[in-house]
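Have a look at the structure below, then the notes.
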Amino acid sequence: MVLPIVKYGHPALRQRGATVTVVTPEIRQLIADMLETMLAARGVGLAAQQVAQALQVAVIDVRGVTDRPSTLLVAGQPTSPEALMPLVLLNPVVTPINAAVIGPEGCLSFPELYADISRPESVDVEALNEHGQTVRFRCGGLLARAIQHELDHLRGVLFIDRMSRARKEELREELDELQAETKAGLAKLAR
């Protein structure tokens, strides 16, 4: 089922996700719904907070993105990133490997807003998959950027928090408008 994606101003986006201790049927359904939602929204990543769930659950799929390549090493061996897609990460731990690089980012919770964000080019990742099994890999390029973006969501951090002050000021009007729309919609639901 395609779930509604919450927008900037929704309190769920600032919530730190709870650790997933058991992959229950409810968690499996959430994962399936998040994958369907991400696909329908034409995104490359989605965190549980973006569908108003404060859990350490993220889904990623970089297949089809050819202008921003990804790299993947599994057990030290180069592997096609497509081999892991779609990627489900529960309770991810991410370790930066090298220096940060600046690259473009957008976010499904901030429609049509983009900014250059500085993040490490490559990262080591350890997480549980949808079967509760531990996965470990090193990745770079778009895959590393997407994982770090989603990890931020799991911690209640938004990409606007990582923007340059100047870029955030350029977007101030759009951000204020988006936040006001979201809060107005929440107020209407509360009645």
The stretch 140-191 shape via C-alpha gyration tensor axes, a/c threshold 1.5: oblate
Could you tell me how far the Cα centroid of the stretch 1-75 sits from the Cα centroid of the stretch 99-120, in Å? 17 Å
Per Stokes-Einstein, at 10 °C and 1.306 mPa s, what whole-number D in µm² s⁻¹ belongs to the stretch 1-73, with the Kirkwood radius over Cα pairs as the hydrodynamic radius? 120 µm²/s
Give me the Debye-computed log₁₀ of I(q)/I(0) at q = 0.08, 0.11, 0.14 Å⁻¹ for the stretch 11-190, equal point scatterers on Cα only, no solvent, two decimals. -0.25, -0.47, -0.76
Classify the stretch 90-191 as rounded, prolate or oblate, taking a ≥ b ≥ c as the square roots of the eigenvalues of its Cα gyration tensor: rounded when a/c is under 1.5, otherwise prolate if a/b is larger than b/c and oblate if not. oblate
Which value at 222 nm does the chain reach when only helices count, each DSSP H run of 4 or more adding -39,500 (n - 2.57), with the total divided by all residues and rounded to the nearest 500 deg cm²/dmol? -9500 deg cm²/dmol
Projected onto the charge dipole of the stretch 22-153 (+1 at Lys/Arg Cβ, -1 at Asp/Glu Cβ, origin at the Cα centre), which of 115, 76, 40 gives the Cα projection farthest towards the positive end? 76
Net charge dipole size for the stretch 51-179 [Lys, Arg +1 and Asp, Glu -1 on Cβ; Debye, nearest 20]: 480 debye
Neighbourhood net charge (11 Å Cβ-Cβ; Lys/Arg +1, Asp/Glu -1) for residue 137: 0
With N residues in the stretch 72-140, Rg(alpha-carbon) / (2.2 N^0.38 Å) equals 1.25
Putting +1 on Lys and Arg Cβ atoms and -1 on Asp and Glu Cβ atoms, find which of 54, 20, 9 reaches farthest to the positive end of the dipole of the stretch 1-59. 9
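Bear in mind that the values in this text are calculations on the coordinates, not laboratory data. These figures come from a predicted structure and were not determined experimentally. FYI the Cβ positions are ideal-geometry reconstructions off the backbone, even for glycines, and counts take in every protein chain you see.
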